[in-house]
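Every number in this text was worked out from the coordinates using simple rules, so none of it is lab data. Because the structure is a prediction, the values reported are computed rather than measured. FYI the Cβ positions are ideal-geometry reconstructions off the backbone, even for glycines, and counts take in every protein chain you see.
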Amino acid sequence: MPTDPFNRRVLVLAGAAAILMLAYEAGPALRLALMSPAAEPRTVTARGDLAASEASVIEAFEASRDAVVSISTSRRVVDYWTRNAHDVPRGTGSGFFWDKAGHVVTNNHVIQGASAATVRLADGRQFDAVLVGADPTHDLAVLQIDVRDADPPVLPIGTSADLKVGQSVMAIGNPFGLDWTLTTGIVSAIDRELPNETGGLIRGLIQTDAAINPGNSGGPLIDSAGRLIGVNTAIYSPSGSSAGIGFAVPVDTVNRVVPQILKAGRYTPPVLGVASDQRADEILARQGRTGVMVLGVDPGSPAAKAGLVPARLTGRGQVVPGDVIVALDGEALRDTADLRAALDLREAGDVITLSVMRAGSRLEVEITLEAAQ
């Protein structure tokens with residue numbers, strides 16, 4: 001029997017009301033499911049091409065990543081009671097391949113005090129490393145692994161003397177054990193100084209705001225072209241984590257120090273043959289003078305050949321001043337630290353001009369630097 005249209009509407013509304021009542025009694029989840037349209041994945045919005053700056057960073061990272069390594073160190077300890085020796089983990093750091101021979105550059109403080117080091121590559125392979133040599137004055141060290149089957153990639157070398165504040169930089173390393181982490185920033189400042197482990201100063205450091213944390217030490221700082229411009233070495237942080245102030249040894253220093261370590265197992269600046277002391281320089285400073293007091297001249301040294309005159313003691317114990325070095329190649333020297341820093345930038349065979357105060361007169365003396373024996 002046909003149903004009246006009005007009655008049909010009443011039946012539909014009654015059915016809908018019954019369903020809603022059941023949904024209400026069943027709980028909010030069912031109510032939402034019945035009252036909402038069927039859930040479907042959202043339509044993906046096309047992104048478009050990467051920004052040029054993003055593409056540049058990605059390209060530089062992907063080209064550099066495999067040249068970076070993770071370094072784990074351990075220390076051999078002997079149990080006092082049993083006399084049994086065993087290795088205990090000491091720390092972690094980063095490094096990078098210097099050449100195809102498997103030489104890995106890192107910080108000296110990463111491997112200092114360790115009896116063994118393991119180098120892990122980006123593909124997961126691990127190698128026992130041997131220490132080639134170290135230079136605590138610049139916080140640099142070189143390890144070597146057997147890479148006959150590894151064919152390690154090598155970072156291109158850049159320069160640091162022409163860096164500008166504001167340049168983009170990237171740091172790659174293993175902060176807190178988080179392998180192959182990329183952080184980005186800029187050159188915040190140049191020519192910074194930090195104390196080294198020998199009591200002197202590491203000079204010419206690059207300051208960056210790229211996040212550097214424990215574990216980044218020894219990793220590369222690269223420019224936007226993917227070239228090595230520094231070795232990440234330290235942070236300034238009251239908390240021990242990145243505070244936006246990190247420091248890197250400039251690549252010009254690395255490129256001068258590492259070849260010497262590879263050749264002789266250590267780094268030695270060229271020899272001048274002058275004995276001096278910071279305390280003697282401080283005496284000069286209190287007299288209103290600056291320079292390096294020559295306390296001694298090594299026989300046969302470049303300084304001896306050039307005729308530099310050292311201070312001497314009289315029979316009554318009085319000090320008779322000798323030469324005071326006040327400049328090197330026209331650059332004023334305040335004290336012994338300045339002289340050492342200036343010599344560190346030279347090589348054996350370089351001819352330098354020392355400005356010397358002798359008996360109240362200023363003399364210019366040419367000296368040919370020699371290699372350390």
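So what's the net charge close to G307: Lys and Arg +1, Asp and Glu -1, counting the other residues with Cβ under 13 Å from its Cβ?
Around G307, the surrounding residues sum to -1.
For a quick check: with amide H placed at 1.01 Å from N, whose amide H comes under 5 Å from E370's, ignoring anything fewer than 5 positions away on the same chain?
V271, G349
Using only Cα atoms, tell me the angle between helix 5-26 and the longest principal axis of the chain; keep it within 0 to 90° and round to the nearest 10.
Rounded to the nearest ten degrees, it is 40.
Going by alpha carbons, how many degrees (0 to 90, nearest 10) lie between the helix axis of 52-64 and the longest principal axis of the chain?
The angle comes out at about 60 degrees.
Place the peptides 348-355, 97-104 in order of packing, highest mean first, counting for every residue the other Cβ atoms within 10 Å and averaging per peptide.
Result, highest mean Cβ count within 10 Å first: 97-104, 348-355.
How do V258, V365 rank when sorted from fewest to most other Cβ atoms within 10 Å of their own Cβ?
Listing V258, V365 from fewest to most nearby Cβ atoms yields V365, V258.
Taking K263 as the anchor, which lysines have their alpha carbon closer than 17 Å to its alpha carbon, excluding any fewer than eight residues away along the same chain?
The qualifying lysines are K100.
Suppose the chain between I58 and D128 were pulled fully straight at 0.36 nm per residue; how much longer would it get relative to their current alpha carbon spacing?
Additional length available on full extension: 22.1 nm.
R256: net charge of surrounding residues, Cβ under 15 Å, Lys/Arg +1, Asp/Glu -1, itself excluded?
With Lys, Arg at +1 and Asp, Glu at -1, the neighbours total -1.
Å³ per residue of the Cα convex hull, for the stretch 274-368?
So the per-residue hull volume is 97 Å³.
By average Cβ neighbour count within 10 Å, what is the ranking of 339-346, 201-208, 117-124 from highest down?
By packing density, highest mean first, the sequence is 201-208, 339-346, 117-124.
Dipole magnitude of the stretch 274-368 about its Cα centre, charges +1 at Lys/Arg Cβ and -1 at Asp/Glu Cβ only, in debye to the nearest 20?
My answer is approximately 560 debye.
Charges on Cβ only, +1 for Lys and Arg, -1 for Asp and Glu, centred on the Cα centroid of the stretch 274-368; of L345, V309, T368, which one is farthest towards the dipole's positive end?
V309
For the chain, what log10 I(q)/I(0) values come out of the Debye formula at q = 0.11 1/Å, with one point per alpha carbon and no solvent?
-0.87
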